[in-house]
Amino acid sequence: MTKQDALEVINQKQDLIIEVSDTIWDYAELSLLEKKSAAFYIQKLKDEGFDVQTPVAGMDTAFLGRVGSGRPIIGILAEYDALDGLSQQGGMAERRPIEAGKPGHGCHHHALGAGSFGAALAVKAYLESKPEGSGTLVFYGTPGEEGGAGKAFMARDGVFDELDIAFCWHPGSTNEVTTGTCNSSLQIEYKFTGVSAHAAGDPHLGRSALDAVELMNVGVQFLREHMIDSARIHYAITDAGGYSPNVVQPEAQVLYMVRSQKVGQALDLLKRLDKIAEGAALMTETTLKRRFIDGTSNTVPNFTLEKLLYDNFAQIGVPSYTEEEKALAAALIKTYENPRTVLPGFAANQDPEIGEYVKSKIADGRPLNDFLVPYYSSTAMRMGSTDVGDVSWICPTAQITTVTQASNSPGHSWQNVAIGNTSIAHKGVLCASRVLAGAAIDIYENPDIVAAAKAEWEKKLGGESYRCPIPADAVPIAVGDKM
Ligand SMILES: [Zn+2]
């Protein structure tokens, strides 16, 4: 089978790929609670003849679908978790939840998984047409990207160790190859327990957990002066002990997030946070319980793979749109409350020449970015974190973005949910399937690419090896799980 024939499989199976995308959009399940979504994928993978393994790394909603044998071994990553409170009806430009307060796919992970699934179908057809030992594909069902860091837990347990190359993609509002690096990040919960008392009658008998949280936060404010520049510390008081000021609060809880460029720096900073928490417990005579929530590593960009993805993207082309699709996107853009002022695409804001090109493309105010952002690779920092970073420390990894959203759409928004089950999103899904499958097939046909990508990857790591942010004894924690 030629590469062209394999890509044709995506056309033949397009109804199935879209069914996957729309079904997961409907299910809209939160991180590590993606039970229906995972069961649906597992069934579809079995129907299509993949060798399926589940659960993985202690997570019921993680799974692998394997096909082929021998090297190279290529991984294609899928996600399928939704975001809380974003329930929204599809195909309209006004805020109208299906069920108020329920989750919705505001980050388009329903599309992400489906696009990866489509790529896997094409690669499977290709590998099955070749002699045994021509290569292996592993489709990774990775839960809890929005919270829980499923991939980092899988990385800790060695699930990606066999891989030569990994590919992923993320739905967005531009067609471009992802480059640059991002922060590593850790989340830890601290719970203080004291003694309740009447705050006026018996204040001397009370031991306030809320005081402990406040003192911990003050301690961390003083720490900020003495940490490296690239570090960030954020917190949220997730339990302030209740609504009664006349009660000494016996329980209180604070969730901390520590970011830094490298995981090691964040872990070092975390040790200092732990000491501050112990100090706060000592000062208030409360007891402290600490729970590790999740952690992710920075991404290691791989220009060899980025170029390969770009060449496929340029060859395959990007979607174009009907007047009706443009009208929906334009109507959604009108609802943005705080429109972004930056140019669409990472590269356009990094490279002046690309910036000019993108400016000329969008000068007519087009609501859907129906062009490919020119090739751009760099190690520049983008703010934010992803658990794809952990995979990129284990093998050369690269990603693309395709358009499934209106231009400059706000992240994690109801507008994204509204467009997520329309033909606009479907086009982006199928485009991603083609580009990822095309790049993977190029690698099976020319395994020298693996050697080049690995040589670059080793150089970028500079002798450093992967330090997993997840401690050996940590367990994945679903959204809303109480300590
Ligand atoms: Zn996302």
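On a 0 to 90 degree scale, rounded to 10, what angle separates helix 263-284 from the longest Cα axis of the chain? That works out to roughly 20 degrees.
Could you rank the peptides 361-372, 307-318, 404-415 by their average count of other C-beta atoms within 10 Å per residue, with the highest value first? Let's see the in-between values first.
Details: 361-372: 17.2, 307-318: 19.3, 404-415: 22.3.
Top to bottom by mean Cβ count within 10 Å: 404-415, 307-318, 361-372.
Reported to the nearest whole Å, the Cα centre-to-centre distance from region 1-67 to region 440-483 is 22. Computed over the chain, relative contact order equals 24 percent, with contacts defined as Cα pairs under 8 Å that lie 6+ residues apart.
Are there GluC sites (Glu not before Pro) in region 441-474 that DSSP marks as loop and that have at most 15 other Cβ atoms within 10 Å, and which are they? Sparse-neighbourhood loop GluC sites (Glu not before Pro): Glu464.
Here the spin labels are modelled as points 7 Å beyond Cα on the Cα-Cβ line, and at Thr341 and Gln12 they lie 5.3 nm apart. For Ser413, neighbours were defined as the other residues whose beta-carbon sits under 12 Å from its Cβ, and their charges (Lys and Arg +1, Asp and Glu -1) total +1. Helix 109-128 and the longest principal axis of the C-alpha atoms of the chain enclose an angle of approximately 40°.
In summary, region 92-249 shows an alpha-carbon radius of gyration equal to 1.63 times the 2.2 N^0.38 Å reference for compact globular proteins. For the pair region 116-179 and region 292-363, the centres of their Cα atoms are 21 angstrom apart. Within the accessible area of the chain, the carbon and sulfur atoms contribute 50%, probe 1.4 Å, all protein chains present. What is the Å³ per residue value for the convex hull set by the Cα atoms of the chain? Looking at the chain, the number lands at 148 Å³ per residue. Taking 23 Å as the limit for the C-alpha separation, the pairs Lys44/Lys151; Lys262/Lys359; Lys307/Lys459; Lys3/Lys124 exceed it in the case of Lys262/Lys359. With all projection directions averaged, the alpha carbon convex hull of region 184-296 covers 6.6 nm². Where only DSSP H runs of four or more residues are counted, the chain gives -12000 deg cm²/dmol as its mean residue ellipticity at 222 nm, each run worth -39500 (n - 2.57).
In this simple spin-label approximation, Ile316 and Ala451 carry label points 7 Å from Cα along the Cα→Cβ vector, and these lie 2.7 nm apart. Among beta bridges identified by DSSP and lying wholly in the chain, the antiparallel ones come to about 70 percent. Note on region 172-231: Rg/Rh from C-alpha atoms, Kirkwood Rh, equals 1.29.
The values are calculated or read from the model by the stated rules, or taken from the named source; none is laboratory data. As the structure is a computational prediction, the values presented were derived from the model and not from experiment. Methodologically, a virtual Cβ is constructed for each residue, glycine included, from the backbone with ideal geometry; neighbour enumeration extends over all protein chains shown. We work out accessible area using only protein heavy atoms, side chains counted, and drop any ligands, DNA or RNA first. Shrake-Rupley method; radii C 1.70, N 1.55, O 1.52, S 1.80 Å.
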